Amino acid sequence: MRSPIVWKSLAFPLAFFMAGLSVGAGSASLPEEGGPAESMVRHPQVGVCTHLRKWDNEEIIGHLARSGVTWIRDDFFWKYIEKEKGVYQLPESYSKWLDLVHQAGLKVVAIFNGSNPLYAPDIYDPKAFSKAATEFARLTRGKVDVIEILNEPANFGFSKHYGGQWNGMESDGSESAWVKKYVELLNESAAAIKKVNPEVKVIGLGSVTPVNFRQLAKGIAPEVDGMVDHPYSFRLVPEQVPFSDSEAIRTRDGIVTADAQGTFASQIRLYREQAAKHQGPRELWLTEWGWPTYHEAKAGGIYPGVTEATQAKYILRRLFLSLGLGVDYTFVYDFVDDGRSPYDAEHHFGLLDADLKPKPSFHAVKRFTELMAPYRPAANALDVTVFPITNRPDAHPIVWDGAPFQAPGKVMVQQFQTDGGKKLVALWSGERASGELHPLLADIEIRSNEPVLKMFRTDMMTGNREAMEFENRGGRIFVQKTSIPDYPVVLEIN
């Protein structure tokens, strides 16, 4: 069980609090410089991706601290750390941001990223890379908690350098050359890093899931603490990923990584099975996923242009689902919008816009971290049955690479509990977010061996909390005609 983190701040640079960000009634605020100590609860498993190297604005650290996340994830590029062969030094900007986030009580996942032209023609030379990663681990000891080896090697320079397809399978069915090369790089780097900094965790993989499964089968070194996935749903709902046990996807990837419906839950389960089968890492780190709030100006893009409300709803659904399924750490991409073009998806994944104004998703994440910090997946789950008054079938399945994906449209249920035995049930309708219809209504039956004295309902979009009426019939608790929206509501059961 990972306990919620309580950060006690005594003082902070004044620049962090210039904006006076309002984060909703009842939310914690950071202390003013020289003010009294304040406790702030953070969720120990939740993080956000940042691009601090792009933002010369210390105010962002204050917003990060207010969000209730524990972790940030950012890039640290090899070529800027080793500008001369054998000489390793952190750029001033890297040292500055590491000092600031460390002072703020945030934990850091540092992506040791990129190639180095000093070692051409093999710009990813594994010995040189692992040596540089080792020196980075030495230079950042006490400031960096986790080192991730490369970001998405399937999508960026690594696969292009060694050659091969994004999913690791060539047209003749053979394996792409870069798949094995990355395993060698990861294993050598992890072993070297642990020799100089055994406290730091090393995580890796981070390609598309079919590649990660192939690499797990090749054998991951015991020094690697965690496997990385980036489960973007793209145009699907958060309960799905664009992989399924279908003829089209099997033909495309040559390997099965999810069930016939492409459910996120099945992919998490299969990750655990694949890792266990090949003695792979035990921890699962989802270090990127999110939805952009841009306007689609042309057809054919892989990301939908969702509303800010939909972004918040989908992030909440994925957070509850991830942690309910036992994912070790999960990171929203990303914290601040990266640009201002209304038509560029990559500019609009942020919880804050480019002016640092919070979107609804910022408040949603803050509510989640504050409420859910003491909870873990329920070891002794209640018997919960939901009876929807109507169904919400997906009338327009999305076809992805020839495979249809239909939103489940059913009520999703995840259960949690505290060490003290307090129960919480999260419920939402697994439909596409829409403002067209009222939330569906459902009757709920809960069987409990312990008496239920009180029940409270919290709306995760508004933060409203209210006592619920229920009927107790000898251990069977009935709630009638309660609304189940397209985002999570939680029932706290006492």
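The values are calculated or read from the model by the stated rules, or taken from the named source; none is laboratory data. Computed from a predicted structure; not experimentally measured. In this analysis, Cβ positions are derived from the backbone assuming ideal geometry, glycine residues included, and neighbour counts consider all displayed protein chains. Surface accessibility is based on the protein's heavy atoms, side chains included, excluding ligands, DNA and RNA. Shrake-Rupley method; radii C 1.70, N 1.55, O 1.52, S 1.80 Å.
Which residue, of G435, G475, is over 22 Å from the mean Cα position of the chain (by Cα), modelled with pLDDT under 95, more than 25 Å from S233 (Cβ to Cβ) and not charged (D, E, K, R)?
Details: G435 fails: more than 25 Å from S233 (Cβ to Cβ).
Criteria check complete, one pass: G475.
Give the number of residues within the range 471-486 that are open to solvent by 30 Å² or more (accessible area, probe 1.4 Å) and either β-branched (V, I, T) or closer than 25 Å to R317 by Cα (or both). Before the answer, list the steps.
Just the residues of the range 471-486 that are open to solvent by 30 Å² or more (accessible area, probe 1.4 Å), to begin with: 471-474, 476, 478, 480-481, 483.
Among the residues that remain, those that are also either β-branched (V, I, T) or closer than 25 Å to R317 by Cα (or both) are: 478, 480-481, 483.
Summing the residues that are open to solvent by 30 Å² or more (accessible area, probe 1.4 Å) and either β-branched (V, I, T) or closer than 25 Å to R317 by Cα (or both) in the range 471-486 gives 4.
If you check D419 against the conditions, is it more than 30 Å from V241 (Cα to Cα) and not in a strand (DSSP E or B)? Give the derivation first.
Working: more than 30 Å from V241 (Cα to Cα): yes; not in a strand (DSSP E or B): yes.
Considered against the rule, which asks whether it is more than 30 Å from V241 (Cα to Cα) and not in a strand (DSSP E or B), D419 comes out as yes.
If a residue has to be buried (at least 23 other Cβ atoms within 10 Å of the Cβ), hydroxyl-bearing (S, T, Y) and more than 21 Å from K160 (Cβ to Cβ) to count, how many in the range 207-255 make the cut?
The total comes to 1.
Among the residues of the range 393-436, what is the count of those that are β-branched (V, I, T), under 17 Å from R457 (Cβ atoms) and open to solvent by 30 Å² or more (accessible area, probe 1.4 Å)? Before the answer, list the steps.
Narrowing the range 393-436 to residues β-branched (V, I, T): 398-399, 411, 413, 418, 425.
Applying the additional criterion that residues be under 17 Å from R457 (Cβ atoms) yields 411, 413, 425.
If we keep only those that are open to solvent by 30 Å² or more (accessible area, probe 1.4 Å) as well, we get 413.
Number of matching residues: 1.
Can you tell me which of (1) at positive phi; (2) open to solvent by 10 Å² or more (accessible area, probe 1.4 Å) is the one Y119 doesn't meet?
Condition (1) is where Y119 drops out.
Going through the range 144-162 one residue at a time, which ones are open to solvent by less than 60 Å² (accessible area, probe 1.4 Å) and in a loop (DSSP other than H, G, I, E, B)?
Step one: of the range 144-162, the residues open to solvent by less than 60 Å² (accessible area, probe 1.4 Å) are 144-154, 157-159, 162.
Of everything in the range 144-162, those that are open to solvent by less than 60 Å² (accessible area, probe 1.4 Å) and in a loop (DSSP other than H, G, I, E, B) turn out to be V144, D145, L150, N151, E152, P153, A154.
Within the range 289-301, does at least one residue satisfy the condition of being in contact with a strand residue (DSSP E or B) (Cβ under 8 Å, 6 or more places away or on another chain) and more than 16 Å from Q215 (Cα to Cα)?
Start the filter on the range 289-301 by keeping residues that are in contact with a strand residue (DSSP E or B) (Cβ under 8 Å, 6 or more places away or on another chain), which leaves 289-290.
Right, trim to more than 16 Å from Q215 (Cα to Cα) and you get 289-290.
For the range 289-301, residues in contact with a strand residue (DSSP E or B) (Cβ under 8 Å, 6 or more places away or on another chain) and more than 16 Å from Q215 (Cα to Cα): present.
Being over 20 Å from Y329 (Cβ atoms), among the basic types (K, R) and not in a helix (DSSP H, G or I): is that true of K298 here? Before you say what the answer is, go through the steps one by one.
On the way: over 20 Å from Y329 (Cβ atoms): yes; among the basic types (K, R): yes; not in a helix (DSSP H, G or I): yes.
Yes; evaluated as a whole, the condition is true for this residue.
List every residue pair whose Cβ atoms lie under 7 Å apart, where the two residues are 6 or more positions apart in sequence or sit on different chains, the first residue falls within the range 413-424 and is among the hydroxyl-bearing types (S, T, Y), and the second residue, located anywhere, is surrounded by 15 or more Cβ atoms within 10 Å (Cβ to Cβ).
T418/P374; T418/Y375
Please state which of the following conditions A381 fails to meet, knowing it meets all the rest: (1) of a type in the set (G, A, S); (2) closer than 21 Å to V306 by Cβ; (3) surrounded by fewer than 18 Cβ atoms within 10 Å (Cβ to Cβ).
A381 satisfies all of (1) of a type in the set (G, A, S); (2) closer than 21 Å to V306 by Cβ; (3) surrounded by fewer than 18 Cβ atoms within 10 Å (Cβ to Cβ) except (2).
Condition first: surrounded by fewer than 18 Cβ atoms within 10 Å (Cβ to Cβ) and among the hydrophobic types (A, V, I, L, M, F, W, C). Can you find one or more residues in the range 108-115 that meet it?
Of the range 108-115, the ones surrounded by fewer than 18 Cβ atoms within 10 Å (Cβ to Cβ) are none.
No, the range 108-115 has no match at all.
Per-residue answers, yes or no, for (1) over 25 Å from the mean Cα position of the chain (by Cα); (2) of a type in the set (D, E); (3) at pLDDT below 95:
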site	(1), (2), (3)
R367	no, no, no
M372	no, no, no
P377	no, no, no
N380	yes, no, yes
P393	yes, no, yes
G402	yes, no, no
K410	no, no, yes
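Going by the conditions given, is W178 among the aromatic types (F, W, Y), at negative phi and assigned to a helix (DSSP H, G or I)? Don't jump to the end; show me each part of the working.
Numbers: among the aromatic types (F, W, Y): yes; at negative phi: yes; assigned to a helix (DSSP H, G or I): yes.
Considered against the rule, which asks whether it is among the aromatic types (F, W, Y), at negative phi and assigned to a helix (DSSP H, G or I), W178 comes out as yes.
Scanning for something surrounded by fewer than 18 Cβ atoms within 10 Å (Cβ to Cβ) and within 16 Å of the chain's Cα centre (by Cα), does the range 271-286 turn up at least one residue?
So in the range 271-286, the residues surrounded by fewer than 18 Cβ atoms within 10 Å (Cβ to Cβ) come out as 272-273, 276-279, 282-283.
Add one more test, that the residue is within 16 Å of the chain's Cα centre (by Cα), and what stays is 283.
The answer is yes, given that some residue of the range 271-286 is surrounded by fewer than 18 Cβ atoms within 10 Å (Cβ to Cβ) and within 16 Å of the chain's Cα centre (by Cα).
Just the residues that are assigned to a loop (DSSP other than H, G, I, E, B) and closer than 27 Å to Q311 by Cα, please, taken from the range 460-494.
Looking only at the range 460-494, we keep the residues that are assigned to a loop (DSSP other than H, G, I, E, B), and these are 460-464, 468-470, 473-475, 485-488, 494.
Hits for the range 460-494 are M460, M461, T462, G463, N464, P485, D486, Y487, P488.
Using beta carbons and a limit of 6 Å, which pairs, at least six apart or on different chains, have the first residue in the range 268-286 and part of a strand (DSSP E or B) and the second one among the acidic types (D, E) and surrounded by 22 or more Cβ atoms within 10 Å (Cβ to Cβ)?
Filtered contacts from the range 268-286: L286/D229.
Check off (1) open to solvent by less than 10 Å² (accessible area, probe 1.4 Å); (2) outside any loop (DSSP other than H, G, I, E, B); (3) under 13 Å from D229 (Cα atoms); (4) not hydroxyl-bearing (S, T, Y) for W289 and give me the number that stays unchecked.
(2)
So if I check each of V365, V399, V425, V384, which one is assigned to a strand (DSSP E or B), among the β-branched types (V, I, T) and more than 23 Å from R447 (Cα to Cα)? Before the answer, list the steps.
Numbers: V365 fails: assigned to a strand (DSSP E or B); V425 fails: more than 23 Å from R447 (Cα to Cα); V384 fails: more than 23 Å from R447 (Cα to Cα).
Result: V399 is the single residue among V365, V399, V425, V384 that is assigned to a strand (DSSP E or B), among the β-branched types (V, I, T) and more than 23 Å from R447 (Cα to Cα).
Could you figure out which of (1) open to solvent by less than 10 Å² (accessible area, probe 1.4 Å); (2) in contact with a His (Cβ under 8 Å, 6 or more places away or on another chain) isn't true of S361?
(2)
Can you spot a residue in the range 163-173 that is touching a Gly at 6+ places or on another chain (Cβ under 8 Å), open to solvent by 30 Å² or more (accessible area, probe 1.4 Å) and in contact (Cβ under 8 Å) with a residue 60 or more places away in the chain?
yes
If I filter the range 50-75 down to residues being open to solvent by 10 Å² or more (accessible area, probe 1.4 Å) and part of a helix (DSSP H, G or I), which single residue comes out as farthest from G105 (Cα to Cα)?
Here the residue is K54.
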